[in-house]
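Data block below; observations after.
Read-outs throughout are calculated quantities, based only on the coordinates presented, and are distinct from any laboratory measurement. For clarity, every value in this text was computed on a predicted model and none was experimentally measured. Don't worry about glycine lacking a Cβ; one is built from the backbone with ideal geometry, like all the others, and counts go over all protein chains shown.
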Amino acid sequence: MWRLYAEYGRGHAVEFALGIVATTLGRLSGLLPPFVLGLAIDAIFLNRRPFRLPLLPTAWVPEMATGQLWLSIGVIAASFLVGAVFSWLSGWGWNRFAQGVQHTLRVDTYDTMQLLDMDFFDGKQTGELMSVLNNDVNQLETFLNDGLSSALRIGVMVLGIGALLFSLNPSLALVALLPVPLLAGFTYLFVRTIQPKYAAMRASVGALNSRLENNLGGVRVIKTETAEEYESERVADASRNYYDANWDAIRTRITFFPGLSVLTGIGFAITFGVGGFWLLAGAPGPFTGTLDPGEFVTFIVLSQQFIWPMAQFGQIINMYQRAKASSVRVFDLMNEQGSLEASAEAPDLVVTDARVKYDDVSFGYADETVVSHVDLRVGRGDTLALVGPTGAGKSTVLKLLLRMYDVDEGAIRIDGTDIRDVNLRSLRRAIGYVSQEPFLFYGTVKENIEYGTFDATDAEIEEAAKAAEAHEFITNLPGGYETKVGERGVKLSGGQRQRLSIARTILKDPDILVLDEATSHVDTETEALIQRSLAHLVREKTTFAIAHRLSTIKDADEIVVLDEGRVVERGTHDELLALDGLYANLWRVQAGEIESLPPEFIERAIRRRAEVDAGDLPADGSE
Ligand code: ADP
């Protein structure tokens, strides 16, 4: 929390100071009317003490009772007016402060996160990160705004009222302040009790929502399986759980204000009793001194002003605890450092021949080695294809080139330079990556093509689209290049998305290309189109390609067969077929010649499939 104020609050110190000053003065001005009321009763109506206002020179006080009354009316009216102005100023100050800190913090958190390495994202769920960026940052805002100002308000009230009451009558002040610690304790206890109930309620509403979402999404299955009754029961159960959790929280919640009233009522009664008897028969019991009726009124009115701020006491503590937890999460994220940042000082990569070399490269995600002792050489104009069964490590080999991860052993060099010695931005600019799942951002077709090459002209964009065989379908879209693609590009077919991402890469014009199953998820006809567009792309470039359909990489200059992270075969298509090993078997599978496969191959495939499927499930077996 300290870091939050020191680092992020500093830029908004003026608003912060304004909030503090305005809240303090606003609250203090609120103490004036009850004080003046008591004074008016005693000095004007009962004539028991002289009319004296603190800070007001005696010479300014009118002689006559009517004049004093007008002065009192004026002071009371003015203090309400001043209170309103301060209240506005404090709202302005606190909110500006909180919004400002929140904004800077959110942008900073996002910037930090964006620069982190892929292995950071691998370990995190998107939802988890969203929750830090959204909920945690918002949680802090709530505290910075409401929490602080309420805490200050309570502090000023207790101290201000306490000081005023003590200066009037210390003994009765003790009596009147008696409920304060009780109120604080009560609201704290209340919040402590209700928090877990609210948590249970949120969990049950979450479960209910997932159930409903799931059922709406799967309504077709529910109907075909005639599972309506079963699902009705499941929804009813989820709804009943929510009902119970909610009711539990409601039962606690509705006791809060009555409880608070009882406590303040008792305090009121005691103050009223002690003061009343004091007025009637002189100082009761251990008390000494005098009490005037007006003072008594001031006491009664002021002690009532405690209730509302104190009702928030427990909430403030709770807000603080949550804000603390949130700031820990936010700053934990801020403390992460990515290699992009770490490499910012390194020199830019200079590509001349675009010759890529993998020298004895090994790598593992956690403990398990996924790539071992891989050697590769590719030059400009050549295509190297990586093939192998699922999970063999093909994608990983290429992620290493982009430095999504760093090699554990060996080195990857481009034109002789180790890629760890260059600036990461320049490395990634030199490489074009067409992935298995092209991601389109919400926006127009044009924006998606020029993404990453933001200064492209319309003519260049169109040219790239033509080379990617995408121009035709784009001009047939209702808005042409300005057509908005839906979220994640859902309004386009897989092949169209793929071609847009190829156009993006053509526009970027990198020296090195990585095609990660660029033609997966498309039909044969589209594949032919994409192949044609890729043919434009790969000319003059150093290309790595992964394809499940071996037909698409048949003409590669070298085909490297990976199995469990090792290179098991390498050569041209014809050489590998002649070798009659793993590649030849994979080729037979795709040609539909299942009968001619050796039984060991099928057994291994089954075993591997089971391993991969098991690997896809989270370790704890949850969904
Ligand atoms: P391929 O592209 O040949 O299908 P991958 O390179 O995707 O293979 O995966 C190789 C192995 O590494 C697999 O066992 C896979 O489960 C594992 N793997 C892939 N990505 C990760 C990751 N981000 N974290 C941990 N293990 C991973």
* Structure fact -> Here the membrane-span-like helices of the chain, with no claim about any membrane, defined by DSSP H, Cα axial extent at least 15 Å and mean Kyte-Doolittle at least -0.5, are 13-40, 65-114, 148-168, 179-217, 228-281, 293-304, 313-335, 524-538
* To do: Please list 310-316, 421-427, 285-291 highest first by mean number of surrounding beta-carbon atoms within 10 Å per residue.
  => 310-316, 421-427, 285-291
* **Segment N135-D237, length gained on full extension (0.36 nm per residue, minus Cα span)** => 33.8 nm
* **Antiparallel bridge percentage (DSSP; both residues within the chain; nearest 5)** => 55
* Asked: Ranked highest first by the average count of other Cβ atoms within 10 Å around their residues, in what order do 114-121, 593-600, 560-567 fall?
  -> 560-567, 114-121, 593-600
* Asked: Once the piece of chain linking A342 and L597 is laid out straight, how much longer is it, given 0.36 nm per residue of separation minus the C-alpha distance between them?
  -> 86.8 nm
* Can you list the lysines whose alpha carbon sits under 30 Å from that of K197, skipping same-chain ones fewer than 8 residues off? -> K124, K324
* Asked: Once both labels are modelled 7 Å past Cα along the beta-carbon direction, what's the A411-V350 spacing in nm?
  -> 1.7
* Rank by packing, highest mean first: peptides 319-332, 149-162, with packing defined as the count of other Cβ atoms within 10 Å averaged across residues. => 149-162, 319-332
* Helix-only mean residue ellipticity at 222 nm for the chain, each DSSP H run of n ≥ 4 adding -39500 (n - 2.57), per residue, nearest 500 -> -19500 deg cm²/dmol
* **Theoretical gain in end-to-end length, D555 to F277 [0.36 nm per residue, Cα-Cα removed]** => 89.4 nm
* Please give every one of the lysines within straight-line cross-link reach of K484, meaning a C-alpha to C-alpha distance under 27 Å, and leave out same-chain neighbours fewer than 8 residues apart. => K446, K466, K508
